Every structure is written in structure tokens, then in C-alpha cells.
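Peer 1: Here's a structure for you.
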Amino acid sequence: MSAADVMASLGPLIRLWGVSTAQLPSPTESADELAPFLISVLQEAVPFIDSAAPKSSGPSSSTPSTKLWKHKGDKSSPDSTAKVEVSERVVGAGELDTVISRSGLGDKKPVNETWMCRRSVHEDRAAPGTASWAEFERCFRDEHAEAEDAFTPNVAATHAALVWDCGGVEAAEAAETWTGFQLKVQEMRHRIGKPLKDRTFPVLQMTAAARGKSEFLVVSIPVPDFGTAEASRLAREKGAQVASYVSVERIRKLDDGRIEWLMATASDAGGVLPMWVQNMAMPGVVWKDVPLFLGWIAKERQHKDVAKVGPLGKRAGEQQAPPPQATTGDDAKAGVEGRPEVTTATETHKAPAVSEPAGSVPQGSSVS
């Protein structure tokens, strides 16, 4: 796909402005009715993340398109045997103005989006400095929020606010058939460090896997006004500082058996932090999730099989609250028309870490 084709595929969903609570899928939609929305997300996410590391360039030479992504350096850590490549792409206000006009979003203002991408390639082994495919699947496809909570010191609380039933949905995009869809609204609160306030990030998160291949996507879209929804717990807390991040993550096995971990993100911490300060900090922060995860899982392997029991460990087998479901009718609390509500929710809180890496935010985002 050419740079022009990639720019033409930019759409209104995979954007830092996100979606409003009223734009979320209806709580009464069946899996089949959800399919058009899920396909729309795929149609934006797949070409965008492929532009950062095109599959067509081969398993060992998959590098960002120099016309769109600029290399910002390589990072290394004792916790990862693989280096982490960092690149940057600015989606300009002119491009976004075209998206706004094409999508009829007259209420949006085009503001440059600075995206950072990290890419690392790992041996498929449950060994120090790397991770197995089964571990990647369990921690990022099946239990993304739980894993992020476990390996990220700055996560203070998580809340699964809404979950839709996507069972049986299949979608064709970019010569792949995508299955195993998950769709949820996930809230996460991150500590930034005094004197700055914690940041709460509500996102609509979609996961999908390529049929017959070892590959999956995780797409996170901000829901900036989710604090107005009855289903919210973290964003609606008194004094909460709601922030935004958008990301597309692709994890796949290459032809040579290694695992490519690719993630692109843009973020806005809000508050008093100017965007130019945040953008300057991003290259030095976005790569850190790789050694954080690999260092964490190396320690976890000493007493449990994460691929089998998941990041929650022994707690995974204990009785827990059922996952929240989008619902309506008598079970739904009164709210804005079209706003899905829930009857139950799952929430976790974590004690403050003794030592917190500066600027750590939701996986792939950056503030300082």
C-alpha cells in the first residue's frame, strides 16, 4: 500500500478525538449488528499499523515507511534480548481536515496528531529476556487490561465498564478473515507523580485475531466524555482528570518463527501539560512497556505458568464478579438516549508502587 493509499484510509474512529458515549454501539445490538462497526474499526486500524511495519517488506526487514514514519532511534534494556525500534509519524491538521469533511464531523477541530511507534522482534520462548507466543496471547489478546495492570507500576486502578457480546462475528479485511472479537469500555487510572494529578483513561477497546494465523490486533479508542455515563466508575470520580490515548497494537508470528510486537499510539494527558512537552517526552517513554512486560513475566514464571493461569495467577481460579454486559430495559439506569448502561462491573485497585518510572501511562502512551 502506497503512502497515498494509507493517507486515504485515515478515518474518524482511530483518532485522538475519540468517540462520544452516545456514539458507542447500542446496548441491544446483537453480534451480527455489531459487525459493521467492528469492520469500520478494522478498515482504519489495519492499514494504519501496517504502514508502520509493512508485512510486504518481509519477516526480517519489516521497517516503517520512511515517507510516513521517521526513525527516532533504538532502545535496549537488560530485561529484553531484543532491541526496541522507535519511530514517529505526524498526522497533520490538513489530513485530519479531510477526514472531518469526508465524515461530516463539523464539530471537530483539526489538530496535529503526533504518533509514536515501537517495534520489537522476540524469540518464541518462555525464557528470560523474551516470551512465548502462548504468553503473548494470554497477556495481550485474552487479558490485556489485567496484564497491563500487573506489569505496569503506575497503574492505580482498572475498571471494565461495558462488554459487548461479539460471539460468532467474522470480518474480511486486508486479505484476512478476522475472528475472536472482543469489545469493551475499559477505564484505567495512572499515577503520574506529584504534583500532577492521576490521569484516568476511558477507552473503547477492540481485539480481533486473524483466522488460521498467529496474529491479533488490539485497538483502543478514547471515550473522552465517559465520565458522564452511569457505567463509569473511574472517570466519574470526584476531581478525576480524564485524559486520552488512541493506539493500534499488532502482535504476530513472522515466517521465521519469531514474534513481532508492534504498537503505535498518540496521547493527550490534558491538564496543564502542553502538547509540545508531551510530544518531546514520548520517544523516551513509549518503548518501556517492552522491558516492563518481559521483566515482569520472567519473575512470574518462577512460580506459575502465565500462559495457563493468566496474569491474575491463583486469583484466576477464584470466584469473581461476572463480566459487565451492555444492557437496556428495566435493568438499565436512566441516562442519555443511546447510552449503554451495565448491571455489574469489575474493578481492581493497586497499592502505590515504591518506585515509579517517570511518565508511565497506559501501554504505549506518554505523559511527563
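Peer 1: Tell me, what HN-Hα J-couplings in whole Hz come from the Karplus equation 6.51 cos²θ - 1.76 cosθ + 1.60 at θ = phi - 60° for each residue of the stretch 106-111, using x for Gly and Pro?
Peer 2: Each residue of the stretch 106-111 in turn: x, 8, 8, 10, x, 10 Hz.
Peer 1: Sticking with this structure for a sec: Residue separation times 0.36 nm, minus the C-alpha to C-alpha distance between Arg211 and Val90: what's the value?
Peer 2: 40.4 nm
Peer 1: Next question. Assuming 0.36 nm per residue, please report the length gained on full extension of the stretch Ala172 to Lys109 beyond their Cα-Cα distance.
Peer 2: Details: separation 63, 0.36 × 63 = 22.68 nm, distance 3.21 nm.
Difference between extended and current length: 19.5 nm.
Peer 1: Where the centroid of each part is defined by its Cα atoms, how far is the stretch 212-249 from the stretch 11-50 in Å?
Peer 2: Each part reduced to its Cα centre gives a spacing of 13 Å.
Peer 1: Given a Förster radius of 35 Å and the C-beta distance between Val277 and Lys299 as r, what FRET efficiency does 1/(1 + (r/R0)^6) yield to the nearest 0.05? Before the final figure, lay out the partial values.
Peer 2: Values: r = 33 Å, r/R0 = 0.95.
The pair Val277/Lys299 has a calculated efficiency of 0.55.
Peer 1: Still on this model: Report ³J(HN,Hα) in whole Hz for each residue of the stretch 92-104, in order, from the Karplus equation J = 6.51 cos²θ - 1.76 cosθ + 1.60 where θ = phi - 60°; Gly and Pro get x.
Peer 2: Rounded to whole hertz, the list is x, 4, x, 4, 5, 4, 5, 4, 4, 5, 5, 9, x.
Peer 1: Give the calculated FRET efficiency between Glu33 and Thr98 to the nearest 0.05, with a Förster radius of 25 Å applied to their Cβ-Cβ distance.
Peer 2: On the way: r = 29 Å, r/R0 = 1.18.
That pair, Glu33 with Thr98, gives E of 0.25.
FYI, it's all coordinate maths here, none of it is from the lab. These numbers come from a predicted model, not from an experiment. Here the Cβ is made from the backbone with ideal geometry for all residues, glycine too, and neighbour counts use every protein chain on show.
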